[in-house]
Each structure stands twice: as C-alpha cells, then as structure tokens.
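Colleague: Got a structure here, written out as structure tokens. Questions coming.
The values are calculated or read from the model by the stated rules, or taken from the named source; none is laboratory data. Given the structure is predicted, the values throughout are model-derived calculations rather than measurements. FYI the Cβ positions are ideal-geometry reconstructions off the backbone, even for glycines, and counts take in every protein chain you see. What goes into the accessible areas is simple: the full protein's heavy atoms, side chains included, and nothing from ligands, DNA or RNA. Shrake-Rupley method; radii C 1.70, N 1.55, O 1.52, S 1.80 Å.
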Amino acid sequence: MKKHFSHPHPLKLSVSANGENIETDAIIICSGCEQTLLATDPVYTCSKRGCEFFLHRSCSDLPRNMDHKSHPDHGLTLLSEPPEHSLYYNCNACGDLISGFSFHCNKCEDFRLHVKCAFLAESVDSKAHLHTLSVEYSSTHGSREDQDIVVCDVCESCLTEGYWFYFCKECDFRTHLECAISAEGPPVSPVEEEDHDEEGLSDQERLMLATMKAEGQMARLQFQMQMAQLNAQTISNLWR
Ligand SMILES: [Zn+2]
Ligand SMILES: [Zn+2]
Ligand SMILES: [Zn+2]
Ligand SMILES: [Zn+2]
Ligand SMILES: [Zn+2]
Ligand SMILES: [Zn+2]
C-alpha cells in the first residue's frame with residue numbers, strides 16, 4: 001500500500017491496469033500523465049472498491065519540484081489537479097487542456113505544463129523528417145515571423161503562436177509536437193519471400209532444403225501453439 005498526495009485513499013501496486021472489478025476492454029487513462037495505460041505498465045490502483053483511480057508507478061514517483069529550460073526564471077511545482085477557480089487550464093507547451101497532473105510555476109499564475117510536455121524530449125528523430133528535430137520553446141516562429149499563419153509541415157494545419165514546436169533549422173521545417181512524435185514513416189514494403197532457386201541443386205542439397213523448410217514449418221507451428229496456449233492462459237486469468 002502506498003499513500004500518494006494526489007489521492008485520498010491508499011493505493012496498491014498491480015502489474016496490470018486490468019485489476020478486478022474493472023472492465024477489461026475499457027481504455028484506462030493514468031490520472032497523472034493522462035496517457036493510456038498499457039497492460040504491461042506497473043500501475044497503482046485505488047484500494048477502495050469502486051474508486052477508479054490509476055497512476056503509472058513512474059508517475060507516482062514524479063519530482064514535486066522541477067526547473068524547466070522553457071521557463072528558466074522560476075521553479076515549477078507538481079499539482080495533482082488544476083487550482084481552484086481556474087477556468088481554462090491549458091498547457092503552455094502544447095496548448096491542450098490539462099486534466100491530470102501539471103507542473104505549475106511558483107510565481108506565474110498562467111504558466112503550467114502537462115507532465116508529458118514537461119518531460120518532452122528536446123530532440124527527436126522523427127519519421128516525418130530526415131534530420132533530428134529540436135524543440136523550440138520560443139514564442140515566435142523564427143524566419144517565418146513575417147507571415148501571418150505558420151503551418152505544421154506534417155499535418156499542414158496551423159501552428160499556434162506561443163506554443164512549442166519541433167524544428168529543423170537547416171530546412172526551416174517545423175511541426176506540432178504531436179505530429180513529430182506520432183509521424184508514420186513512408187509505407188515499408190513487406191519483405192519478399194526469398195525465391196529459392198532449386199534448379200541445378202544436387203539431390204542431397206534438395207533434400208537438405210526440404211528438411212530446412214519442414215523444420216521451419218515445425219518451428220512456426222510450435223510457436224503458434226505456444227501463442228495459443230499463452231492467449232488461453234491470459235484470457236482465463238482475465239475472467240478469474
Ligand atoms: Zn502516467
Ligand atoms: Zn480512491
Ligand atoms: Zn502539454
Ligand atoms: Zn513563472
Ligand atoms: Zn501538425
Ligand atoms: Zn532538416
């Protein structure tokens with residue numbers, strides 16, 4: 001059992017978010033970082049029946065205070081929920097509303113970051129671009145300052161001035177944070193089955209090849225059986 005400042009009841013650690021009493025097909029969101037919990041994530045759940053509170057173990061260990069490069073003059077404090085009377089509590093990095101934890105400036109009323117944004121990678125290798133992209137905290141769009149509207153080079157919708165973006169200086173390429181992180185690469189063509197040229201093989205080689213193929217098939221079958229067993233086990237665990 002663990003007590004966490006963000007929740008009134010004791011929490012217990014479970015290996016999977018799909019604890020008892022919870023629908024297994026529901027998408028479960030971490031109350032801290034607001035990301036979907038994966039079945040493999042170690043997670044704290046509320047020990048009280050009927051109380052649906054989930055927290056990544058990693059989110060339960062977040063520092064209560066941090067400094068952030070984007071806001072160098074003041075320290076930030078971890079809040080478990082928006083302060084009272086805050087009407088439109090949005091993140092200064094991505095612009096989206098914050099409903100989970102936030103890092104809030106100790107001095108400024110209007111500076112706060114999502115947990116995920118506070119720990120955003122300063123540079124990413126995105127499939128969206130050849131070069132490494134670096135995050136820009138500045139509120140202007142650099143060389144495109146003279147333009148009224150700056151668009152994301154991935155989704156081609158507007159980049160709102162004042163929010164962070166990923167940038168390649170060399171190419172004057174910029175994207176939403178989300179667009180760089182979730183960018184799908186160009187479709188990868190499936191690996192083609194090797195076309196075994198069986199012409200001109202000796203009988204012995206032909207036999208070896210046939211054996212290898214058979215063994216390959218056996219291994220595949222065994223693998224499939226193991227997977228089927230594993231699935232059956234997992235499913236029976238879920239329904240226990
Ligand atoms: Zn989390
Ligand atoms: Zn609770
Ligand atoms: Zn954010
Ligand atoms: Zn501040
Ligand atoms: Zn975009
Ligand atoms: Zn580039």
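Colleague: Count charges around VAL115 for me, please; just the other residues with Cβ under 12 Å from its Cβ, Lys/Arg as +1, Asp/Glu as -1.
Modeller: Local net charge: 0.
Colleague: May I ask you to rank MET1, MET66, MET208 by accessible area, largest first, using a 1.4 Å probe over the protein chains only?
Modeller: Per-residue accessible area, sorted high to low, gives MET1, MET208, MET66.
Colleague: To the nearest 20 debye, what charge dipole does segment 65-118 have about its Cα centre, counting +1 at the Cβ of each Lys and Arg and -1 at the Cβ of each Asp and Glu?
Modeller: 180
Colleague: As an exercise, take the mean of 1/r over every pair of distinct alpha carbons in segment 79-125, invert it, and state the Kirkwood radius in angstroms.
Modeller: 11.1
Colleague: How much accessible area does CYS171 have with a 1.4 Å probe, in Å² rounded to the nearest 10?
Modeller: 60
Colleague: Once amide H atoms are placed 1.01 Å from N in the peptide plane, what residues at a sequence separation of 5 or more from ASP96, or on another chain, have their amide H within under 5 Å of its amide H?
Modeller: For ASP96, the qualifying residues are CYS91.
Colleague: Would you kindly state how much longer the chain becomes between SER47 and HIS85 on full extension, computed as 0.36 nm times their sequence separation minus their alpha carbon distance, in nm to one decimal?
Modeller: 10.7 nm
Colleague: Report the net charge of residues surrounding ASN92, where surrounding means a beta-carbon distance below 10 angstrom and charges are Lys +1, Arg +1, Asp -1, Glu -1.
Modeller: Combined, the nearby Lys, Arg, Asp and Glu give 0.
Colleague: Give the ranking of TYR88, TYR44, TYR166 by solvent-accessible surface, highest area first, calculated with a 1.4 Å probe.
Modeller: Final ranking, largest accessible area leading: TYR88, TYR44, TYR166.
Colleague: Enumerate the lysines that LYS3 could reach by cross-link, defined here as Cα to Cα under 23 Å, with residues fewer than 8 away along the same chain left out.
Modeller: Hits, sequence-local ones excluded: LYS12, LYS48, LYS116.
Colleague: Please list, by residue number, every one of the GluC sites (Glu not before Pro) in segment 29-122 that is coil in DSSP and has at most 15 other beta-carbon atoms within 10 Å.
Modeller: GLU52, GLU84, GLU109, GLU122
Colleague: Could you pull out every residue, at least 5 positions away or on a different chain, whose amide H is within less than 5 Å of the one on GLY75? Hs are placed 1.01 Å off N in the peptide plane, and Pro or chain starts have none.
Modeller: Result for GLY75 returns ASN106.
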